[in-house]
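Data first, discussion second: the structure below is written as structure tokens.
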């Protein structure tokens with residue numbers, strides 16, 4: 001288990017990982033049940049493109065939405081608070097990967113065949129709140145007991161938080177390339193699972 005220590009997330013004015021986390025995972029969990037209710041989703045299913053393209057497109061829309069939301073406080077932090085960024089290219093990569101990862105997570109939960117937004121959001125919020133508290137966003141992973149550190153390893157938010165922290169401070173618990181690799185793996189895992197569930201419930 002890594003023994004490095006990084007400060008809590010709060011020292012970075014203008015950017016908060018919760019922005020892309022909640023926005024990207026929320027948009028599809030809201031829009032897809034509404035699309036089912038107004039029968040837009042059924043029309044998309046009958047369109048001449050693959051189910052994989054539909055699921056990927058839904059995730060992409062959540063990704064673009066959350067990335068736009070994340071850029072605004074980031075700009076405020078840099079311009080108003082003069083927040084230093086040690087590795088700007090890493091920050092760009094980390095924002096893209098974390099936003100897309102959480103967007104696929106929202107698309108995955110929206111596979112549940114319901115027209116009620118509350119049903120999807122109640123399930124998603126249970127998972128999101130758990131991820132927030134085990135992923136080092138509020139309490140550094142190095143300060144957690146051993147069992148907490150092990151549980152944190154199964155959360156994609158852990159690696160997004162670690163990678164963005166590295167972009168700001170140059171310090172991280174894991175090698176940045178490992179963070180990137182694991183985020184990519186989570187994206188593929190969520191996308192594959194989402195495709196399976198949409199195929200199961202809609203075809």
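The values are calculated or read from the model by the stated rules, or taken from the named source; none is laboratory data. The model shown is predicted, which means the values in this text are computed figures rather than measured ones. We place every Cβ from the backbone using ideal geometry, glycine too, and count neighbours over all the protein chains shown.
Odds and ends about this structure:
- Residue within segment 109-116 that is in a helix (DSSP H, G or I) and under 21 Å from residue 181 (Cβ atoms) present: no
- Residue that is surrounded by the fewest Cβ atoms within 10 Å (Cβ to Cβ), among those in segment 158-182 that are closer than 30 Å to residue 50 by Cβ and modelled with pLDDT of 95 or more: 181
- Residue among 80, 90 that is more than 30 Å from residue 32 (Cβ to Cβ), buried (at least 16 other Cβ atoms within 10 Å of the Cβ) and out of contact with any strand residue (DSSP E or B) (no Cβ under 9 Å at 6 or more places or on another chain): 90
- When 4, 14 are checked against the criterion of being within 19 Å of the chain's Cα centre (by Cα) and at pLDDT below 55, a single residue qualifies: 14.
- Check on residue 187, out of contact with any helix residue (DSSP H, G or I) (no Cβ under 6 Å at 6 or more places or on another chain), surrounded by 15 or more Cβ atoms within 10 Å (Cβ to Cβ), part of a helix (DSSP H, G or I) and touching a residue at least 24 places away in the same chain (Cβ under 8 Å): no
- Among the residues of segment 76-105, those that are assigned to a helix (DSSP H, G or I) and more than 20 Å from the chain's Cα centre (by Cα) comprise 76, 77, 78, 79.
- Residues considered: 113, 145. Of these, the only one that is more than 13 Å from the chain's Cα centre (by Cα) and in contact (Cβ under 8 Å) with a residue 40 or more places away in the chain is 113.
- Test result for residue 71, buried (at least 18 other Cβ atoms within 10 Å of the Cβ) and outside any loop (DSSP other than H, G, I, E, B): no
- Output for segment 28-63, where each listed residue is exposed (fewer than 14 other Cβ atoms within 10 Å of the Cβ), free of Cβ contacts under 8 Å to residues at least 40 places away in the same chain and either closer than 21 Å to residue 122 by Cβ or under 25 Å from the mean Cα position of the chain (by Cα) (or both): 50, 53, 57
Table: residues versus (1) in contact with a helix residue (DSSP H, G or I) (Cβ under 6 Å, 6 or more places away or on another chain); (2) free of Cβ contacts under 8 Å to residues at least 24 places away in the same chain; (3) not in a helix (DSSP H, G or I).
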{"position": "119", "(1), (2), (3)": "no, no, no"}
{"position": "125", "(1), (2), (3)": "no, yes, no"}
{"position": "133", "(1), (2), (3)": "no, yes, no"}
{"position": "138", "(1), (2), (3)": "no, no, yes"}
{"position": "158", "(1), (2), (3)": "yes, no, no"}
{"position": "164", "(1), (2), (3)": "yes, no, no"}
{"position": "178", "(1), (2), (3)": "no, yes, no"}
{"position": "192", "(1), (2), (3)": "no, yes, no"}
{"position": "195", "(1), (2), (3)": "yes, no, no"}
